[in-house]
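The structure appears below as structure tokens.
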Amino acid sequence: MGKISVSPEGTRYDLPDAAADEQEIRLLKEITARQRSMGRKIVAVQGLGFVGAVMAAVVADAVDKNGRPFYFVHGVQRPSTRSYWKVPVINEGLPPVEAEDPEIPEIFSRTVKQKGTLRATWQEYAFELADIVVVDIQLDATKPVFGDAAKGYVDTEAFEKAITVLGQHITPEALVLIETTVPPGTSQHIVKPILDREFKKRGIDTEKHPPRIAHSYERVMPGRNYVSSIRDFWRTYSGIDKT
């Protein structure tokens, strides 16, 4: 019997097998080619948690002055028993998170069902197709002693594994935008070395094609203005170089 993932509502979803993987890759190629023919940039959001899922919908909802979508978004969630259920739920046009903001169910329905600019997948192959990857991997700080921040720490193992996956798949031209709130120096001392290492394993000359990395830390305000807090608030951005 195969493994399953159970949604909060109790719906059971079989985890994908090898045949499903092959079919999904073919579908990702077809969808991406069709979206590129419409002049849209391809964005992949890594991690469909409380921030990443809504961020994916907000990006997919962005339009130009004529109302034409800028982007098509592949939302990527690992096929684990704990989280895979988010993929089929999102693809039904439903939000995988609960919040007071009435715009959350509206934006998922609009981008998935009406605009067709958002789709969730478990396949890492989506990263190979992306012009931009937004990293929204959960990274928690642990403070074992209240009031003594010096004893706090951050376990970056899962984050490092996620960046390694990107290094194994993205094109050298892809922009990696770190949105996860990370300790100072993470982009320089963790993200860049990992991407450099994985690029070199693939035979990519990192002198000619250095990883393109930017950072814009996540700032969301759960509540009735959740979507607006992602879409409308001022953002701070930084890049690895002037280009």
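Could you please tell me which pairs satisfy a Cβ distance under 6 Å, a separation of 6+ or placement on different chains, a first residue in the stretch 158-171 that is under 12 Å from Gly47 (Cβ atoms), and a second residue that is in a helix (DSSP H, G or I)? Correct list of pairs: Ile163/Val191; Ile163/Ile194; Val165/Glu124; Leu166/Phe127.
Scanning the stretch 186-197 for residues that are in a loop (DSSP other than H, G, I, E, B) and either more than 15 Å from the chain's Cα centre (by Cα) or closer than 23 Å to Glu128 by Cβ (or both) turns up nothing. Against the criterion of being closer than 30 Å to Glu98 by Cβ and either aliphatic (A, V, I, L, M) or without any contact (Cβ under 8 Å) to a residue 40 or more places away in the chain (or both), Val191 does not qualify. Screening Ile31 on (1) farther than 24 Å from Ile163 by Cα; (2) assigned to a strand (DSSP E or B); (3) of a type in the set (A, V, I, L, M, F, W, C) shows it passes everything except condition (2).
The lone criterion from (1) assigned to a loop (DSSP other than H, G, I, E, B); (2) in contact with a His (Cβ under 9 Å, 6 or more places away or on another chain); (3) buried (at least 20 other Cβ atoms within 10 Å of the Cβ) left unmet by Pro172 is number (3). For the stretch 99-117, which residues satisfy the criterion of being within 19 Å of the chain's Cα centre (by Cα), in contact (Cβ under 8 Å) with a residue 60 or more places away in the chain and assigned to a loop (DSSP other than H, G, I, E, B)? Thr117 - this is the single residue of the stretch 99-117 that is within 19 Å of the chain's Cα centre (by Cα), in contact (Cβ under 8 Å) with a residue 60 or more places away in the chain and assigned to a loop (DSSP other than H, G, I, E, B).
Return yes or no: is Ala57 closer than 25 Å to Arg219 by Cα, modelled with pLDDT of 95 or more, touching a strand residue (DSSP E or B) at 6+ places or on another chain (Cβ under 9 Å) and part of a helix (DSSP H, G or I)? Considered against the rule, which asks whether it is closer than 25 Å to Arg219 by Cα, modelled with pLDDT of 95 or more, touching a strand residue (DSSP E or B) at 6+ places or on another chain (Cβ under 9 Å) and part of a helix (DSSP H, G or I), Ala57 comes out as yes.
Of the residues in the stretch 125-143, none is closer than 19 Å to Ser228 by Cα, surrounded by 15 or more Cβ atoms within 10 Å (Cβ to Cβ), of a type outside the set (Val, Ile, Thr) and at pLDDT 95 or above.
Matching residues to (1) surrounded by fewer than 17 Cβ atoms within 10 Å (Cβ to Cβ); (2) touching a helix residue (DSSP H, G or I) at 6+ places or on another chain (Cβ under 8 Å); (3) modelled with pLDDT of 85 or more; (4) of a type in the set (Asp, Glu):
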| position | (1), (2), (3), (4) |
| --- | --- |
| Glu198 | no, yes, yes, yes |
| Ile204 | no, no, yes, no |
| Ile230 | no, yes, no, no |
| Trp234 | yes, no, no, no |
| Tyr237 | yes, no, no, no |
| Lys242 | yes, no, no, no |
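Can we say Ile42 is surrounded by 14 or more Cβ atoms within 10 Å (Cβ to Cβ), touching a residue at least 40 places away in the same chain (Cβ under 8 Å), part of a helix (DSSP H, G or I) and within 20 Å of the chain's Cα centre (by Cα)? It is false that Ile42 is surrounded by 14 or more Cβ atoms within 10 Å (Cβ to Cβ), touching a residue at least 40 places away in the same chain (Cβ under 8 Å), part of a helix (DSSP H, G or I) and within 20 Å of the chain's Cα centre (by Cα). For the stretch 1-28, taking the residues that are in contact with a strand residue (DSSP E or B) (Cβ under 9 Å, 6 or more places away or on another chain) and assigned to a helix (DSSP H, G or I), the one that is surrounded by the most Cβ atoms within 10 Å (Cβ to Cβ) is identified as Leu28.
The values are calculated or read from the model by the stated rules, or taken from the named source; none is laboratory data. Since the structure is predicted, the reported quantities are computational estimates derived from the model, not experimental observations. Neighbour counts run over all protein chains shown; Cβ positions are idealised from the backbone, glycine included.
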